[in-house]
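One structure is given below, encoded as C-alpha cells.
The values are calculated or read from the model by the stated rules, or taken from the named source; none is laboratory data. Predicted model only: the values in this text are computed from it and were never measured. Here the Cβ positions follow ideal geometry from the backbone for every residue, glycine too, while neighbour counts run over all protein chains shown. With ligands, DNA and RNA removed, areas are computed over all heavy atoms of the protein, side chains included. Shrake-Rupley method; radii C 1.70, N 1.55, O 1.52, S 1.80 Å.
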Amino acid sequence: MSKIILTGDRPTGQLHIGHYVGSLRRRVELQNSGDWDEIYIMIADAQALTDNADNPDKVRQNILEVALDYLAVGLDPEKSTLFIQSQIPELTELTFYYMNLVTVARLQRNPTVKSELKMRNFKGGSIPVGFFAYPISQAADITAFQATAVPVGEDQEPMLEQCREIVHSFNSIYGEALTMPNIMLPDNAACLRLPGTDGTAKMSKSLGNCIYLAESPEGIRKKVMSMFTDPDHLRVEDPGKTEGNPVFIYLEAFSRPEYFAEFCPDYQDLAEMKAHYERGGLGDVKVKKFLNSCLQAELEPIRKRREEYQKDIGYVYEVLRKGSMAAEQKAAETLGKVKKAMRIDYFSDEELIRAQTEKYQAASN
Ligand code: TRP
C-alpha cells in the first residue's frame with residue numbers, strides 16, 4: 001500500500017511559530033525523508049468559510065499568505081502537492097455522501113466542534129449547518145487522497161477519530177473503498193503546542209500573542225523582550241519556575257546546542273540554563289536575549305526565502321494551480337471508487353443496463 005500524507009491549514013491569517021513547531025517543521029522533514037509516496041498539503045479555504053461566511057475576502061487574501069509561508073519553510077512543490085481545497089469539487093461531493101453516515105448527535109459530541117462553538121459564540125440555534133458538519137468535510141479531505149497518515153496537532157484528534165468512524169461505516173456498508181488514516185502527532189513534547197507570548201494556552205491572532213514566521217527582526221525582538229515569564233520570579237536571585245514558563249517552552253522548541261556556544265556560552269545546553277534559573281541567580285532579560293538570538297537565527301532563512309517568493313506572486317499561484325489539478329485527479333479516482341461502491345455509477349455499469357434489459361424482455365415475452 002502506498003504511504004500517503006494529507007494535511008492542511010485554514011487560511012485565516014499568516015502562519016506563526018506555533019504552526020512551525022507544531023506542524024510545518026515536521027512536514028518539511030517528512031517531505032525530505034523520502035519515505036512517503038505522496039504528500040498533499042491543502043489550504044483549507046472551504047473549511048475556513050464555514051465560520052467566516054461573512055468574510056470571504058479575508059480567506060481570499062490569506063490563501064497567498066499561507067502559500068508563501070509554506071514555500072518559505074521549505075515545502076517543495078516538486079515533492080509535495082500544494083493545493084486549494086475549494087478547487088477540488090470532489091471533496092464537496094464526498095462530504096454529501098458521508099453525511100448519511102454521521103448522526104447529528106455524534107457531531108454534537110465532537111469535542112472540537114463543541115469548544116469551537118463556545119469560542120465563536122454562535123448562539124443557540126444560530127449554528128450554520130456547514131460549520132456543524134465540517135468534521136465530515138474534513139473526513140472527505142483525508143479520504144479523498146487515501147491518506148494513510150495525517151500529521152496534525154493534538155487539537156485535531158477528535159477530527160481524526162470522527163474520520164476513522166466514517167471510513168469504518170463506509171467500508172462496512174459499501175465494501176472496502178476507503179483507506180483508514182492514522183493521526184501522526186508531533187513527537188517532541190514541547191512541540192505539541194506553543195503558548196502565546198502572553199502565557200495563554202494558545203497563539204491566536206485575535207489575542208495578539210503570536211510571533212509570525214514573516215515577523216521582522218525588530219518585531220521578534222520586541223515580542224520576545226515583553227514575553228510573560230514566571231510571575232514569582234521578581235528579583236534575579238529568586239528561584240524561578242521553568243515549567244509552564246513560555247520563555248523556556250519556546251527555548252525547548254528552538255534552542256540548539258550550537259546556539260549556546262554561539263550566543264550564550266555560560267551554559268552548555270538548555271538543561272544547565274534551566275537549572276540555574278530554578279536555583280536563582282539568572283535573570284529573565286538574559287534568558288530572553290538568548291531566546292531572541294535563537295529565534296532570529298531560526299527565522300531569518302525563512303523570512304529571506306519568503307521575500308524571494310514575494311517577488312514572484314504569479315509563480316506562487318501557478319504552484320497552487322498545478323497542485324490543485326494534480327490533487328483533483330487523485331480525488332476523482334477516489335470519488336469513482338466511492339460511487340461504484342455505493343452503486344451510483346449508473347452509466348459505467350454495463351451489468352446494470354444488461355440486467356434491466358433482460359428483466360423487461362422477460363416481462364414482454
Ligand atoms: N482543521 C484543520 C485546521 O484547522 C485544517 C484541515 C482541514 C485539515 N482539512 C484537513 C487538517 C484535513 C488535516 C486534514 O487547521
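Taking the conditions (1) under 30 Å from Met119 (Cβ atoms); (2) assigned by TED's automatic domain parsing to the domain that holds Gly13 in turn, Ala201 satisfies each one other than (2). Per the conditions (1) free of Cβ contacts under 8 Å to residues at least 24 places away in the same chain; (2) out of contact with any helix residue (DSSP H, G or I) (no Cβ under 8 Å at 6 or more places or on another chain); (3) more than 30 Å from Ile39 (Cα to Cα), the sole criterion not satisfied by Lys311 is (3). Pairing residues of region 336-365 that are on the phi < 0 side of the Ramachandran plot with residues that are acidic (Asp, Glu) and open to solvent by 100 Å² or more (accessible area, probe 1.4 Å), at Cβ distances under 9 Å and at least 6 apart in sequence or on separate chains, gives Ala341/Glu176. One residue alone among Arg106, Arg26 is touching a residue at least 60 places away in the same chain (Cβ under 8 Å) and on the phi < 0 side of the Ramachandran plot, and that residue is Arg26. A single entry from Pro151, Pro128, Pro158 fulfils the requirement of being in contact (Cβ under 8 Å) with a residue 40 or more places away in the chain and away from the ligand (no atom under 13 Å from the Cβ): Pro128. So which residues in region 210-234 are part of a loop (DSSP other than H, G, I, E, B) and farther than 25 Å from Val66 by Cα? Ser226, Met227, Phe228, Thr229, Asp230, Pro231, Asp232, His233, Leu234 - these are the residues of region 210-234 that are part of a loop (DSSP other than H, G, I, E, B) and farther than 25 Å from Val66 by Cα. Listed by position, the helices (runs of 4 or more DSSP H) inside region 109-206 whose residues that are at pLDDT 95 or above, surrounded by 16 or more Cβ atoms within 10 Å (Cβ to Cβ) and in contact with a Pro (Cβ under 8 Å, 6 or more places away or on another chain) number at least 2 are 134-144, 157-174.
Out of all the residues in region 207-222, which are open to solvent by 40 Å² or more (accessible area, probe 1.4 Å), more than 21 Å from the chain's Cα centre (by Cα) and over 24 Å from Ala271 (Cα atoms)? Passing the criteria: Ser216, Pro217, Glu218, Lys222. Within region 289-307, residues that are of a type in the set (Gly, Ala, Ser) reach partners that are open to solvent by 60 Å² or more (accessible area, probe 1.4 Å) and assigned to a helix (DSSP H, G or I) with beta carbons closer than 6 Å, at six or more positions or on different chains, in the pairs Ser293/Phe263.
Can you say whether Phe228 is under 30 Å from Asn62 (Cβ atoms), in contact with a Ser or Thr (Cβ under 8 Å, 6 or more places away or on another chain) and open to solvent by 20 Å² or more (accessible area, probe 1.4 Å), as far as the supplied structure shows? Answer is yes for this residue. Find the residue count for region 5-52, including only residues that are farther than 17 Å from Gly153 by Cβ and either away from the ligand (no atom under 16 Å from the Cβ) or not assigned by TED's automatic domain parsing to the domain that holds Thr95 (or both). Residues flagged as farther than 17 Å from Gly153 by Cβ and either away from the ligand (no atom under 16 Å from the Cβ) or not assigned by TED's automatic domain parsing to the domain that holds Thr95 (or both) within region 5-52 amount to 5. With respect to being more than 13 Å from the ligand (Cβ to nearest atom) and out of contact with any Leu (no Cβ under 7 Å at 6 or more places or on another chain), Ser80 fits the description.
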